[in-house]
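The values are calculated or read from the model by the stated rules, or taken from the named source; none is laboratory data. Note that the structure is a prediction, hence the values are computed from the model and not measured. So basically every Cβ, Gly included, is an ideal-geometry build from the backbone, and we count neighbours across all protein chains shown. With ligands, DNA and RNA removed, areas are computed over all heavy atoms of the protein, side chains included. Shrake-Rupley method; radii C 1.70, N 1.55, O 1.52, S 1.80 Å.
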Amino acid sequence: MERKRKTAGKAVLGFLLAPAAAFAASAVGNTCIWIKNRPLLKKPIGRFVRLDGHEMNVLVKGGGKHTLVFLSGWGTTSPVLDFKALYALLEDEFRIVVPEKFGYGFSDIVRTERSFSANVELYRRALASLGIEGPYILCPHSLSGLEAMLWAQKYPHEVEAIMGLDTTPAEFADELRSEELNLRRVIRGRLLNLTGLSRLGKPACLPHLTEEEKRILRELCVRNTCNYDVVSEIRDVPKACEEISRSPLPEQPCVHFISQRDPGVAWAEKWRKAHQDYAEASVDGRLVQLDCGHYVHDFEFEKIAGEIRELANRL
């Protein structure tokens, strides 16, 4: 009987230690890969702008009468690479600007409290330091729609138009509080970083990237997923939504693209209605529904590029 107990105890101990050993081995292997690939991140795809003692990466390409400023959604690993399929179709006709806020892309992780209003000011300072004057056509994706709204409300003379890429309406403060700020999601993201499993995500979904760019994006996934700045930013959603709701909706011309939502999802109609309200408040607004996922610019980049050209021609 005693021997059976010892055998059972060893089996249980082995069962418990095996996942821990696998986790430790994966973490060690990830560290080795990170050290080997770290030089990939030494030179940004863009240029660094020094703000508040930290480096912020900004990609500037092309040229033309209008300036397109692409603002990334929450947690997007690298805006410069994520928007490439879309801006590559437009850089011969427009000046392209893709700022990567702190905690994103090649920019520093500064580990200070972030807010949507603060991000708007960082964008403005970065563009000013590069000598890029407005007005701008803002192209926000997802939660950066809050940044675009604040920008247009506070500095209307700087915003020529808004091309919303399935942006998050301010009316969704309650839904975001319950869905996005999820402790388990943050812990899972950081564990994926520690083990290196986050390398297996987004790059495979972006076939327009070169193999070198995919390698860079994999390392940025490990560096940036659920870092302090990204998590801090999401906590500011209720405050940003409240600030937006105190002012009228922007009147600048706009096109709002929204992704196909399952009609069975409780908030699908609320999402559509909010964007319709944005379009109707504009002097020249349209709502375009796309049959694709939330990262609309990764799927329907040709259609979106065409709509941007049409709107620019009307300005």
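Rolling a 1.4 Å probe over the protein heavy atoms gives region 215-315 an accessible area of 47 Å² per residue.
Take region 73-140 with all the other protein chains still there, run a 1.4 Å probe, and you get 29 Å² of accessible area per residue. When each of the peptides 101-107, 225-231 is scored by the mean number of other C-beta atoms lying within 10 Å of its residues, the order from highest to lowest reads 101-107, 225-231. In terms of packing, defined here as the mean over residues of other Cβ atoms within 10 angstrom, the peptides 149-160, 272-283 line up highest first as 149-160, 272-283. Take 285-291, 56-62 and order them by the average number of nearby Cβ atoms within 10 Å per residue, most first; the result is 56-62, 285-291.
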